[in-house]
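The next block holds one structure in the form of structure tokens; read it before the comments.
The values are calculated or read from the model by the stated rules, or taken from the named source; none is laboratory data. Since the model is a prediction, treat every value here as computed from it, not as a measurement. Cβ: placed from backbone, ideal geometry, glycine included. Neighbour counts: every protein chain shown.
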Amino acid sequence: MTTRVITAARVRTGHGAVHAPGAVAIDHGRIAWAGPATDLPPAWNTPEVMRIDLPEATVLPGLVDAHVHLAFGGATVPPTASGPLAWREVAATIRSGLTELLTAGVTTVRDLGAPRYVDIDTLTQTNPRPRVLTATIPLTVPGGHCHTLGGAMDTCTAIRNLVEVNTLHGADWIKVMITGGFTTSGASSPYEPQFTDAQIRAAVEAAHDHGLPVAAHAHGTAGIRQAVTAGVDSIEHCTWMTATGFDLDPGLVREIAARDIPVCPTINHLARTATGRLPWAVRREHLRVMLDAGIRLVPGSDAGIPHTPPGRYPQSLPAYLDLGLTPAEVIDLATSGAADALRIGHLTGTLTAGLGADLIAVPGDPAHDLTALSTPILTMAAGHLHHRAEPDAQEDTRP
């Protein structure tokens, strides 16, 4: 792996420091040093070190999308991977999504559901790639949300067994479909819980026994309440829906904040234009209430559902400006904040010596114009340079 130094007009480290001009040194796939370009240590300022100079760009940590489904590929109905041909098609969809992510400047994702371990099998064979935290097969009920992925369970014993098997396959998170969803027809209702309280407790206890956190898919208020009571580690969607409208529970909001349970509201690039069942005006107000209460919001796009490809994640981030956040605060949400919420802040999310060399470079200053994140000119994941656009980047390859 090549040792490199990247210099830029600005380097945002992700923990408060902005160096202008700045430099980042990368060695053996890790950040070796980051700071003012004028303070670059002599060991990194020699003709033998490969340099990339970006005089008009900003370097910052790679983006983190906390909620994706790489196996879905925009399908209206989640795939099943039930036969060899279908398995190969889903695996190809995953590999295509990984390439899209890197091109878009996304260096870490949490994949929250795929059919029958095709995600683990594909990721094992695909390197280098973004960092992927995977939940493998999500837990649901017979006929419930995403039951075609293979995780339909109706007893506490079966739930515990699936958690154990997911763990043995290498799951990083356990996903529980506490309510129904919008991509599964039939009896699955987004507004109603799918499991009993005892079954959810069994899932959470089993996951925690194996040292794994639990991500709870929960749209309806009743399901959100179940998730909080059971002690889950993140809540996905959290739309406060009922069959006839919405029921934002202020007491439950305070409890989520008090327990420091991160909420991933799965906002995609179309959210601000949404009308219909979940209009942006309502969603925005709910998110403001949660943010004001101290709930940690974690950006995630739900990439893989219809009309939401992995490469559009950067275009989803300006929606958070509508909550009163500054561009700099949104950048922190999508980098260091998301990494901390996913429990990998010791691995990535900031340009800190010793962490993985996951970074991007974008034109101009995204702290003034967040749309700059949508046009990365360079992406590096674990020290591997995946995307570089001319003419802004100039690489010095002197021997």
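Exactly one residue out of Ala17, Ala43, Ala34 is among the hydrophobic types (A, V, I, L, M, F, W, C), within 28 Å of Arg296 (Cβ to Cβ) and modelled with pLDDT under 95: that is Ala17. Of the candidates Ala34, Ala71, the single residue that is among the hydrophobic types (A, V, I, L, M, F, W, C) and over 30 Å from His237 (Cβ atoms) is Ala34.
Taken as a whole, the condition of being part of a loop (DSSP other than H, G, I, E, B) and not basic (Lys, Arg) applies to Pro299.
Only residues that are hydrophobic (A, V, I, L, M, F, W, C) and surrounded by 24 or more Cβ atoms within 10 Å (Cβ to Cβ): list them for the stretch 208-234, please.
Of the residues in the stretch 208-234, the ones hydrophobic (A, V, I, L, M, F, W, C) are 212, 214-216, 218, 222, 224, 227-228, 230, 232.
Val214, Ala215, Ala216, Ala218, Ile224, Ala227, Val232 - these are the residues of the stretch 208-234 that are hydrophobic (A, V, I, L, M, F, W, C) and surrounded by 24 or more Cβ atoms within 10 Å (Cβ to Cβ).
Consider the stretch 332-385 and keep the residues that are in contact (Cβ under 8 Å) with a residue 60 or more places away in the chain and hydroxyl-bearing (Ser, Thr, Tyr). The one that is farthest from Thr3 (Cα to Cα) is Ser374. Looking at the stretch 1-48 only, could you name the residues that are among the hydroxyl-bearing types (Ser, Thr, Tyr) and not in a strand (DSSP E or B)? Residues satisfying the conditions are Thr2, Thr3, Thr13, Thr38, Thr46. Considering only residues of the stretch 237-291 that are among the polar types (S, T, N, Q) and within 13 Å of Ala319 (Cβ to Cβ), which is surrounded by the fewest Cβ atoms within 10 Å (Cβ to Cβ)? For the stretch 237-291, the residue satisfying everything is Thr273.
Based on this model, can you work out whether Thr3 counts as touching a helix residue (DSSP H, G or I) at 6+ places or on another chain (Cβ under 6 Å) and either farther than 20 Å from Val362 by Cα or not aliphatic (A, V, I, L, M) (or both)?
no
From the residues in the stretch 65-109 that are of a type in the set (A, V, I, L, M) and farther than 14 Å from Pro309 by Cβ, which one is farthest from the chain's Cα centre (by Cα)? Here the answer is Leu85.
From the list Ile360, Ile305, the one residue that fits, being in contact with a Gly (Cβ under 8 Å, 6 or more places away or on another chain), hydrophobic (A, V, I, L, M, F, W, C), crowded, with 17+ Cβ neighbours inside 10 Å and not assigned by TED's automatic domain parsing to the domain that holds Phe246, is Ile360.
In this structure, Asp292 does not satisfy being at positive phi and in the same structural domain as Leu212 (by TED's automatic domain parsing). Scanning the stretch 235-266 for residues that are among the β-branched types (Val, Ile, Thr) and free of Cβ contacts under 8 Å to residues at least 12 places away in the same chain yields one hit, Thr244.
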